[in-house]
Every structure is written in C-alpha cells, then in structure tokens.
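This report refers to the structure that appears directly beneath it.
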Amino acid sequence: MSTDVLIVGAGPTGLALGIDLARRGVDALVVERAGELFPGSRGKGIQPRTMEVFDDLGVLDAIHAAGGGYPVGMIWQDGQRVGEHRMFDPVEATEDSPYDEPWMVPQWRTQRILFDRLEELGGKVAFGLEAVGLDQDEDGVTVRFATGGSVRARYAVAADGGRSAVRRALGIGMTGETVDPNPTLVADARITGLDRDNWHIFPPRGEGDGFLAICPLAGTEDFQVTAQFPEGSSVDLSLEGVRKVVAARSHLAPKDVTEVRWASDFRPRAALADRFRDGRVFLAGDAAHIHSPAGGQGLNTSVQDAYNLGWKLGAVLRDGVDEALLETYEEERRPVAADMLGLSTSVHRGEVRRGKATRQLGLGYRESSLTAETRQAPAALRAGDRAPDGTLGGVRLFDAFRGPHWTLLAVGVEAPELPGPVGVVRGPAQESYGTGLFLVRPDGYVGWAGDTADGLPRYLARAGL
C-alpha cells in the first residue's frame, strides 16, 4: 500500500494535518495504534489562535457548539465557599482578534469533530495499526506495523505522542526536565452535589496533602477531576480510588462520585525533540514537544505544527515547489515550541498568569528565511506576524484568508496583477495594517510586506506561485 503522506497518530495533530492535506488534494493516510479515538478530556482548552486555525479548517462552528467558556474558579475550605479565583487575565475581543478567551472542549470531542471533518473531505483513518519501525531512502519512507504489514509514503509524519515510536525508531533524542515530581491524577467523572457554574478548587488541608480541582466539562455531563499526590505515590485510577481522594479532600461523600469514565496519571515534564525532521520524516505535536498541561499550550502548539506543515507538504506534492520549502518547518516551529514549553512551565510554577501570551496570538516567524520585510518604515505589524482579522474594502479578512490559498492585501496602495492561485483584497488604509502590500501565507502569517510590488515577483517564484 502506498500514499503521498503517512501520518502516524490520530490525535489532534494528526487529524488536523490530515484535514489540511485533504483539502489540498494530497493523498494522505492517518494510522492509529488504538482501536478508537482517544476517550479522555486531557487537552480541553482551545486557545484563540487555534480557534482561528479551526475557522480556516472548517470546524469552528462545531467546536463552538460542542464547548463553552471557562467557569470562574471557586475556592472551598471546610465545606464553605471562601472566594473566587480568576483563571485568566481578561482580554476584550477586537476586530483584529475576534476570539478573546480560551474555549473549553474535552479532547475526545475535539478529536471527534476533527475526525468527522476529515472523513467529510474524503480522508481516511486506519485504526489498530501500531508503527514499530521504518526505513527511508531518497524516494520515500516505508513504515512497518506490529501486524506485519507496511505502508510506503513519499513523506511520513510522527504525530504519535510523547512516547513516539517513530521518534525512537529515528533515534531522535528529547532534551527536557521534570516540571513537577509529584504524580497527578486526571479523570473524567460523573459527580453529584456540585454546581456546574464554577471550577471547584480544594487547597491542601495539611502538610503532605495535594490539591484537588473539579472542573465541569463544557458540553458534557462530566467533571474533570485533577488531584496531586506526594512524590513516589502510587495513584489508584479505579472508581474507588477516585472516590477516596475526592472524599478525603472535599466535603463530598464517596457516593457523590457515581462513575469514572476515563482516568490517567502523569508527572508533568517539559521536553523538546533535538530535531523536528529526519530525511523524509517530520515530528509534530507531542512527538516533538511535551508540555505541562498548565496554561493549555500543548494541544494548541501541536495543532499549529500541523497547520504550518500542511501547506508546505501540499505545495511540494501538489504544486511542484522545491523541497527546500520543507526545511522551514523545523526552522519555524522548533523555536515556537521551545518558547511555549518555557511558558507552560512558568504557568505551572505560578511564575506567569494565564493571559495574553497563553492565547498564542503574538506568535510569529519574523526571523524565518521565508519572511521578507521590504518596507522602509514598517509599522507595528511586520512580515512574519499573524495576519489580523478586520475589514478591508468591505471584505472580512478571515473570510478572504479561509482556504488553502495565498492572499495579497493592497492596503491604501495599488495592487499588482497576480497569478490565479493568489486572492487579492483591496481597500483604503486600515488600522491594523497601516498601508502597503501584504502577502498572507496559507497559514495566516504575513510572508512578504512591501511599500510597492518591487521584489514581490521573486518571492512569489520562490513560493511556487
């Protein structure tokens, strides 16, 4: 069996990449070692930048319908409410950034939405295929499975999680640290006796105890239970184990926990793969970077890996662009992942609050070799930055950007003639952009900016347009 791109892992990363490739007409296959999609809530926070990505991928309405905003934290002590705790610094939505707050959707539901979208576009997921090894040559990659079969692909992407079998097969190391040696329980449970209007927080009662947090999962009847244990503890993931810790650390009775639907334990750590590419194989998502869950950066950084890689693979495989374009994936994404790892760790340790940085709207690629800023006096928005939303010439910009194409914005200047694959939007000077020409990449970042069209043809030729 052969395909253009083999994606190992049907988590948010692999599914998002599959969607992006499918809408570009690239033949791709997603394989997953498990027999079904991940069943738990683990990565439940969708940051504003990822909401913009989901808008482009055609799943935003479903994501909105499936989730809800984050509730205000409520601190309990001795069975009494003693005060509120705001999880996030407030930020108002603006025309250029229409999604202002993180949106809560349990990971299992996000994956189901992405899976349905992938199938709608004609993409495929093959379950029960565990990758155990691979061989590659100058023409492609052969990935072998525990069942004895194999798939041949022109490129492969390891999106198979923090314990990535593909990464290990490539011999790529990870450099990192333990963020917190204390094991943490996370479980999806049905609980009575608590309202769903608050994220319930139970501080440690005494020395040696850990915290307990019970968060209503938007769009479901479940609560996510999170409990920290002393270093070296063995965490009981059974219904009785969850009942025991909830009863010991809150005013709830054991019987108030009526069901445990999924449970896991982990020790928060931060790690970054030594490289994101080996020949024709790319690492993305948790296979490339492992985060503390604090601040909700892991799933979001992972989806944006896929968003960066998808258009580049499509350009090479569908449009015949030089393979050198693929070298920019690691160049652009590894520094971002390193920064997000540092942010996650700082949030976990209480050094940074969840706010502007965790929303990921300020991330960009100013230093990338794909970025060309040619204006004499650029304003605040520069080539390499995220292209803001807004209205130009009566057109909403996110509507113009939506899809797998490039877009040229002519803001207060004349627009040159461009090839068919590039959309053009014209209008007067605009607050977020000022004036000038802005060529927006398929992933919503400004690739080239100029006062005039001088130099634009060279950039377009490099991009294969």
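Observations
- Screening GLY69 against (1) open to solvent by 10 Å² or more (accessible area, probe 1.4 Å); (2) modelled with pLDDT of 95 or more; (3) touching a strand residue (DSSP E or B) at 6+ places or on another chain (Cβ under 8 Å) leaves a single unmet condition, (2).
- Restricting attention to the stretch 337-386, the residues that are at pLDDT below 70, open to solvent by 20 Å² or more (accessible area, probe 1.4 Å) and in contact with a Ser or Thr (Cβ under 6 Å, 6 or more places away or on another chain) add up to 2.
- Taking the criterion of being surrounded by 19 or more Cβ atoms within 10 Å (Cβ to Cβ) and of a type in the set (Lys, Arg), the residues of the stretch 223-269 that qualify are ARG243, ARG249.
- Residue identified as out of contact with any Ser or Thr (no Cβ under 9 Å at 6 or more places or on another chain), open to solvent by 40 Å² or more (accessible area, probe 1.4 Å) and among the small types (Gly, Ala, Ser) among GLY171, GLY162, GLY149, GLY206: GLY171
- Pairs where the first residue, in the stretch 209-232, is in contact (Cβ under 8 Å) with a residue 24 or more places away in the chain and acidic (Asp, Glu) and the second is in a loop (DSSP other than H, G, I, E, B) and surrounded by fewer than 22 Cβ atoms within 10 Å (Cβ to Cβ), C-beta under 7 Å, 6+ apart: GLU231/PRO181; GLU231/ASN182
- Residue list for the stretch 227-259, filter: touching a Lys or Arg at 6+ places or on another chain (Cβ under 8 Å), outside any loop (DSSP other than H, G, I, E, B) and more than 17 Å from ILE201 (Cα to Cα): PRO254, LYS255, THR258, GLU259
- Any chance VAL26 is open to solvent by less than 20 Å² (accessible area, probe 1.4 Å), over 20 Å from the mean Cα position of the chain (by Cα) and either within 24 Å of ASP443 (Cα to Cα) or touching a residue at least 24 places away in the same chain (Cβ under 8 Å) (or both): yes
- For the stretch 291-311, the count of residues that are modelled with pLDDT of 95 or more, under 30 Å from GLU332 (Cα atoms) and of a type in the set (D, E, K, R) is at least one.
- Test result for VAL105, surrounded by 18 or more Cβ atoms within 10 Å (Cβ to Cβ), within 20 Å of ALA28 (Cβ to Cβ) and of a type in the set (Val, Ile, Thr): no
- All of ASP399, ASP389 fail the test of being out of contact with any strand residue (DSSP E or B) (no Cβ under 8 Å at 6 or more places or on another chain), modelled with pLDDT of 95 or more, of a type in the set (Asp, Glu) and over 23 Å from ARG458 (Cβ atoms), apart from ASP399.
Here is a yes/no grid of residues against (1) of a type in the set (A, V, I, L, M); (2) over 17 Å from the mean Cα position of the chain (by Cα):
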| site | (1), (2) |
| --- | --- |
| GLY219 | no, yes |
| GLU231 | no, yes |
| VAL245 | yes, yes |
| ARG267 | no, yes |
| VAL281 | yes, yes |
| ASN308 | no, no |
| ARG318 | no, yes |
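- Note on the stretch 6-37: residues that are touching a helix residue (DSSP H, G or I) at 6+ places or on another chain (Cβ under 6 Å) and not small (Gly, Ala, Ser) amount to 13.
The values are calculated or read from the model by the stated rules, or taken from the named source; none is laboratory data. Note that the structure is a prediction, hence the values are computed from the model and not measured. Cβ coordinates were reconstructed from backbone atoms using ideal geometry, including for glycine residues, and neighbour counts include every protein chain displayed. Accessible surface areas use protein heavy atoms only, side chains included; no ligands, DNA or RNA. Shrake-Rupley method; radii C 1.70, N 1.55, O 1.52, S 1.80 Å.
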